[in-house]
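Colleague: Pasting in a structure now, in structure tokens, and then I'll have a few things to ask.
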Amino acid sequence: MRHSVNRPPTPDAAEDQEKEPTLQEIINIKLIESGEKERLMELLRERLTECGWKDEMKALCRAFIKKKGRNNVTVDDLVHVITPKGRASVPDHVKADLLQRIRTFLDSAAL
């Protein structure tokens with residue numbers, strides 16, 4: 001930015017251009033605006049509960065807390081340890097179903 005004594009700073013040319021949203025950001029906006037994101041999240045919750053993933057994660061959390069001691073564990077500790085295991089253990093059929101529904105949405109939204 002260039003500064004002047006008598007006026008506020010003038011933005012440089014690079015700062016003047018508005019940032020174009022990425023494809024991922026555009027898709028996310030469309031999902032939110034249509035309400036599809038919330039429907040997909042609810043479907044994901046149901047599928048993960050049905051296949052026992054939620055109970056598995058709960059058991060992992062309890063085991064970690066038991067190992068470390070109840071007073072020695074924070075939520076951040078749990079998130080840091082459990083998140084990678086949770087992401088890796090989502091069943092492939094749940095991922096495939098969700099991905100197919102997202103593709104169907106994108107086809108209907110003409111993106």
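Colleague: Based on the mean of other beta carbon atoms within 10 Å per residue, what is the order of 89-98, 20-29, most packed first? Mind dumping the intermediate values first?
Modeller: Values: 89-98: 12.8, 20-29: 10.9.
Most protected by this proxy first, the peptides run 89-98, 20-29.
Colleague: Describe numerically, in nm with one decimal, the distance between label points set 7 Å from Cα along Cα→Cβ at E46 and at H80.
Modeller: 3.7 nm
Colleague: Let's test the formula: R0 of 22 Å, r as the Cβ-Cβ distance of K30 and A96. What FRET efficiency results, to the nearest 0.05? Mind showing how you got there, number by number?
Modeller: Numbers: r = 21 Å, r/R0 = 0.98.
Calculated transfer efficiency: 0.55.
Colleague: Can you classify segment 10-111 as rounded, prolate or oblate using the Cα gyration tensor, where a ≥ b ≥ c are the square roots of its eigenvalues, rounded means a/c under 1.5, and otherwise it's prolate if a/b beats b/c and oblate if not?
Modeller: Oblate is the answer for segment 10-111, as a/c is 1.5 or above yet b/c matches or exceeds a/b.
Colleague: Test of understanding: extend the Cα→C-beta vector of A59 to 7 Å, then name every residue of segment 70-111 with backbone N under 15 Å from that spot.
Modeller: 86, 89-91
Colleague: Something else: Modelling each spin label as a point 7 Å along the Cα-to-Cβ direction, I'd like the S108/A88 distance in nm, to one decimal.
Modeller: Distance between label points: 3.6 nm.
Each reported figure results from applying straightforward, stated rules to the coordinates on display, with no laboratory input. All figures in this text were calculated on a predicted structure; none of them were measured in a lab. Glycine gets a Cβ as well: all are built from the backbone with ideal geometry, and neighbour counts include every protein chain shown.
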